Structure formats: C-alpha cells, structure tokens
1. Identify the residue in segment 43-58 that is open to solvent by less than 100 Å² (accessible area, probe 1.4 Å) and within 15 Å of Leu25 (Cα to Cα) and, among all such residues, is farthest from the chain's Cα centre (by Cα).
2. Contact list please: Cβ distance under 7 Å, first residue in segment 12-33 and more than 17 Å from Leu50 (Cα to Cα), second residue of a type outside the set (Phe, Trp, Tyr) and outside any loop (DSSP other than H, G, I, E, B), pairs at least six apart or on different chains.
Amino acid sequence: MAASCKVWEEESITKQMAKVVSKNLTIYQVAKMLQVSHITVRRWIKEAKLIAWNTNLEGRGRWRVPKESLEEFLQSRNCMNID
C-alpha cells in the first residue's frame, strides 16, 4: 500500500519562499513551510529525496536547501495542489 501524499498549497509555499531573501533555506525553514518535522526534512536529505548541501566539507556544519531543490522536490512528489 502506497503512503498517502501530503498536499501542500502551492500559493502558500510560493508566498513563503518569496519572503526568504537567501537562495538557500535552512532545514527548519523547509520544515515550517511544509508543516513537517525537521527530522522528516533531514530524512529526505539523507535518502537523497531532497537535495541539500552542508556548510562544512566534513558534514559537521549546517544543512542548506536551495530553493530550486525544494521546488523540484515538491514537483517530483506530485503533491502540490495544482489545477
């Protein structure tokens, strides 16, 4: 049985992303936008479902998610409320 997909409102997420000045989002910003736990966002990164980069070459820094990566992630999951 396939897991149900959370439907995100495209307009709401688009407005939230427009407010972010940086080209990259923190894990916590992504979690807040998508109304999921930061642990869920970390799992998506670990499973390579959401592309992110670490501020430290050894992986001990903070994770950043490019806005484009988040948009691609949402489109690939086909969970946006698109008419």
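1. Thr55
2. Gln16/Met33; Val20/Gln29
This table checks each residue for (1) open to solvent by 80 Å² or more (accessible area, probe 1.4 Å); (2) modelled with pLDDT under 90.
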| site | (1), (2) |
| --- | --- |
| Met1 | yes, yes |
| Glu9 | yes, yes |
| Tyr28 | yes, no |
| Lys67 | no, no |
| Asn78 | yes, yes |
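The values are calculated or read from the model by the stated rules, or taken from the named source; none is laboratory data. Predicted model, so just to flag it, every value in this text is computed and none were measured. Glycine gets a Cβ as well: all are built from the backbone with ideal geometry, and neighbour counts include every protein chain shown. Ligands, DNA and RNA are excluded from the accessible area calculation, which covers all protein heavy atoms including side chains. Shrake-Rupley method; radii C 1.70, N 1.55, O 1.52, S 1.80 Å.
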